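The values are calculated or read from the model by the stated rules, or taken from the named source; none is laboratory data. Just so it is clear, the model here is predicted, and its values are computed rather than measured. Here the Cβ positions follow ideal geometry from the backbone for every residue, glycine too, while neighbour counts run over all protein chains shown.
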Amino acid sequence: MLVSDIVRNNARFFGDKEAVVVPGGTTRTWSDLDTRTTRFANALLGLGLSKGDRIALFSPNCGEFLEFFFATAKSGIIGAAVNIRLSAHELSSYLAYVEPAAVLVHADLADNARTWLPDVPSARHVIGFGGDHGFALDLEQLIARASAEEPSVHVGEDDVYQLGATSGTTGIPKAAVLTHRNAIAALQNWLAELPVPEYGTALQCIPMFFNPGGPSGLHPVLLKGGRTVIPPAFDPAEFPRLVQEYRVTNTTIVPTMVQMVVSQPDVERYDFSSLRGIMSGGSPYSAGVLKRAREVLGDVLYPLYGMAESYSCGAVLRPEDQFTEGTEQQVGWLDSIGRPLTMINLRVVDPDGNDVPHDGRTSGEIWLSGPSVSPGYFNMAEETARSRAGEWFRTGDVAVIDSEGFVTIVDRLKDMIITGGINVFSIEVERVLQDHPEVEQAAVIGVPHEKWGEAIHAVVRRREGSTLTEAELVDFAAQRLSGYKKPRSVEFVDALPISATGKVLKKELRERHVRTPRHPAS
C-alpha cells in the first residue's frame, strides 16, 4: 500500500465525506481532494520535476499542507517541509543540503522566504500560494491548468515519500529518509493503539512541518474515511470550542499544550465527550496534570515516544498503565515512555550491545527496529552508519527498563554530564527541580569546570511572582539528590529556548556558557 492509496481509496468509498476542513475557509470532500492532488502532482511534473527530485514547503498549517503530502506521494517527487521557525541561515543551510528543485511558499511567509531563497541555488522554481505572494508561479493557476489523469509515474513501497527533518537540537537538522512503507507502517501502528472510529475527526494542533507525513500530517483517522480540521495555529482557548463544534475524536498534542487547555477558565462547560484518543509526546505527564486532564478530557491520553527516524513510532504508555495512585513502581510509570508499540522492536543495551537487566537501575541506549524505521539519512552515509547497529537504529536516548518492561529515559547520550568522572543524568536533576512548587521549567547542562571537568548548572524559569533564590533551590535539590548530582549554580531566565517540537535546545544553553563562562562553586 502507498500513501497515495489513502486518498484514492477514500475517494472511491467515502467520496462525498469531508476530508479537509479549514475553519472559516475551505472544506473539501475526499473526491475533491483526490482530483485536486492528482492535478497538483501533474502540475509539479509539468514544471520539469521528476521522481526523486525534492520539493520544499515553507508554510504555516493550512489545507494545502495535506494536499502537498498526497501530491508528492502520487508524483514520486520527495516532499521536504521545513521548520518555519528556523533563522534564515538555518533554513538556507538545511535546504542547501536537501537541494530542492522547487520551493512552495505561503503568502504569509513570502517576505521571510525572500531573505534566504537566493542562498538555495538548486531551486529552479518558487511557487506561491495562499494569497498575494508576489512570485511568478501561483499554485492555484498551476493546478487549474494541470491534467486530472493519474500521473504516469511508477511509485513503489520502498520509494522515498518525504524527508523528515530531525529536531535539530544539536545543530542544523538532518533529513531522515521516510518511505511509503515507513508511512503506512506508522499509521497501522497508531491504528492498533488508538480508538479511531469510522468518519472520525482529527484536530490539527502541532505544526505540520514536524515529521512530515507523520502524526502532524497524516492521522490514522484518515484511514477510515475521517476528516482533518486545520486551524491556522494552536490556541488553548480555541481548542475546547473546536472539539465541541466539530465533534473531534482524535488529536496530537504535547503535554504542555494539554496543561494549557485544562487550565483555561470555564473549560468544564465544553463538551469533550467525542474525544477517543489523544496522541502526545515530547515529555512525560506529571500526576497533577494527568489527573486534571482526565477530569476535563476523559481517559483518552496516549503518551508516545518516537522520533523522525522512526516515523514518530517507538513506545506508548497506555491508559491502563497510567497510575496517579498505587505502588511506587506503578506511579513511577508516569515518568516512563511505556512499552513498545505493536510493530516496533525495542531494546535497551549496554556499550557492548548487550541487553541490560530489567532492574530499573542499569542504564543503556534505546535501540529500535521495525517497518516504520527510516533506512537512513539523506545523502549522509557516514551519519547513517554511525546511527545503525545492523538492523537496529541507535536512538541516542539513555534509559532503564524495569521488571514489568516499562522503559524510562534518563538522558540523551549527548546531554549526560560527566563531573569528576561520574555520569550524571540531566533529566534526573531536572525532575527534582521541577518538583519545587515555584519552578515552572528547568533545564540542566554541564558547564566547563577546571577541577571537575564539568559542573552541573541549572537554567530555570520560575513561576510568575516567585522570589525563589539560587541558594534555596540548590538546598531543595541537595535534600533529594546525592551531593555530586546537585546543581552547583542556578541561572533564572524569563524563557528557555524551545524547538518547534517543544524540546529545550540545550545546545543553545551550552553555547552561551562557552561564550560567557561561569565559574560554579566547587
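A few comments on the model shown:
- Selection of first residues in region 387-405 that are closer than 22 Å to Gly332 by Cα and of second residues that are outside any strand (DSSP E or B) and of a type in the set (Gly, Ala, Ser), restricted to Cβ pairs under 6 Å at least 6 apart or on distinct chains, gives the following pairs, ordered by first then second residue: Val398/Ser363; Val400/Gly360; Val400/Ser363; Asp402/Gly360.
- Here Leu2 does not qualify as in contact with a Ser or Thr (Cβ under 9 Å, 6 or more places away or on another chain) and at pLDDT 95 or above.
- For region 324-362, a tally of residues being under 25 Å from the mean Cα position of the chain (by Cα) and not in a helix (DSSP H, G or I) returns 14.
- Residue in region 243-258 that is surrounded by 15 or more Cβ atoms within 10 Å (Cβ to Cβ), under 22 Å from Gly200 (Cβ atoms), at pLDDT below 95 and in contact with a helix residue (DSSP H, G or I) (Cβ under 7 Å, 6 or more places away or on another chain) present: yes
- Selected residue (criterion: surrounded by the most Cβ atoms within 10 Å (Cβ to Cβ)) from residues of region 450-473 that are basic (Lys, Arg) and outside any loop (DSSP other than H, G, I, E, B): Arg462
- Check on Ala183, more than 20 Å from Thr38 (Cβ to Cβ) and in contact (Cβ under 8 Å) with a residue 40 or more places away in the chain: no
- Region 6-27, residues that are touching a residue at least 60 places away in the same chain (Cβ under 8 Å), within 19 Å of Gly217 (Cβ to Cβ) and not in a loop (DSSP other than H, G, I, E, B): Ile6, Val7, Asn10, Glu18, Ala19, Val20, Val21
- Some residue of region 208-230 being charged (D, E, K, R) and not in a loop (DSSP other than H, G, I, E, B): yes
- Tally of residues being exposed (fewer than 15 other Cβ atoms within 10 Å of the Cβ) and assigned to a helix (DSSP H, G or I) across region 79-100: 2
- Any hit, region 186-197, residues being part of a loop (DSSP other than H, G, I, E, B) and touching a helix residue (DSSP H, G or I) at 6+ places or on another chain (Cβ under 6 Å): yes
- Among all positions in region 368-382, there is no residue which is under 25 Å from Pro215 (Cα atoms), in a loop (DSSP other than H, G, I, E, B), among the aliphatic types (A, V, I, L, M) and in contact with a Cys (Cβ under 6 Å, 6 or more places away or on another chain).
- Filter result (of a type in the set (Phe, Trp, Tyr) and in a loop (DSSP other than H, G, I, E, B)) within region 305-322: Tyr311
- Residue ID - surrounded by the fewest Cβ atoms within 10 Å (Cβ to Cβ), chosen from residues in region 299-324 that are of a type in the set (S, T, N, Q) and in contact (Cβ under 8 Å) with a residue 60 or more places away in the chain: Ser312
- Region 329-345, residues that are loosely packed, with under 15 Cβ neighbours inside 10 Å and among the polar types (S, T, N, Q): Gln329, Thr342, Asn345
- Cross-chain or 6+ apart pairs with Cβ under 8 Å, region 93-108 first and more than 9 Å from Arg54 (Cβ to Cβ), then in a strand (DSSP E or B) and modelled with pLDDT under 95: Tyr94/Ala165; Tyr94/Ala175; Tyr97/Ala175
- Among the criteria (1) more than 32 Å from the chain's Cα centre (by Cα); (2) under 17 Å from Leu509 (Cα atoms), the one Val460 does not fulfil is (1).
- Being surrounded by fewer than 23 Cβ atoms within 10 Å (Cβ to Cβ) and in a strand (DSSP E or B) holds for only one residue in Val126, Val155, Val103, and it is Val126.
- Given (1) crowded, with 20+ Cβ neighbours inside 10 Å; (2) polar (S, T, N, Q); (3) within 26 Å of Pro319 (Cβ to Cβ), index of the condition Thr179 fails: (3)
- Close pairs (7 angstrom Cβ cut-off, 6 or more residues apart or separate chains): assigned by TED's automatic domain parsing to the domain that holds His457 and free of Cβ contacts under 8 Å to residues at least 60 places away in the same chain in region 467-483, surrounded by 14 or more Cβ atoms within 10 Å (Cβ to Cβ) and in a loop (DSSP other than H, G, I, E, B) anywhere: Leu468/Glu438; Leu473/His436; Val474/Lys486; Val474/Pro487; Phe476/His436; Ala477/Lys486; Ala477/Pro487; Ala478/Lys486
- Ser147 being closer than 19 Å to Phe65 by Cα, small (Gly, Ala, Ser) and assigned to a loop (DSSP other than H, G, I, E, B): no
- Exclusive hit being on the phi < 0 side of the Ramachandran plot and crowded, with 21+ Cβ neighbours inside 10 Å, set Val267, Val221, Val289, Val296: Val221
- Test: residue in region 28-48 that is out of contact with any Asp or Glu (no Cβ under 6 Å at 6 or more places or on another chain), assigned to a loop (DSSP other than H, G, I, E, B), under 19 Å from Leu137 (Cα atoms) and in contact (Cβ under 8 Å) with a residue 60 or more places away in the chain: yes
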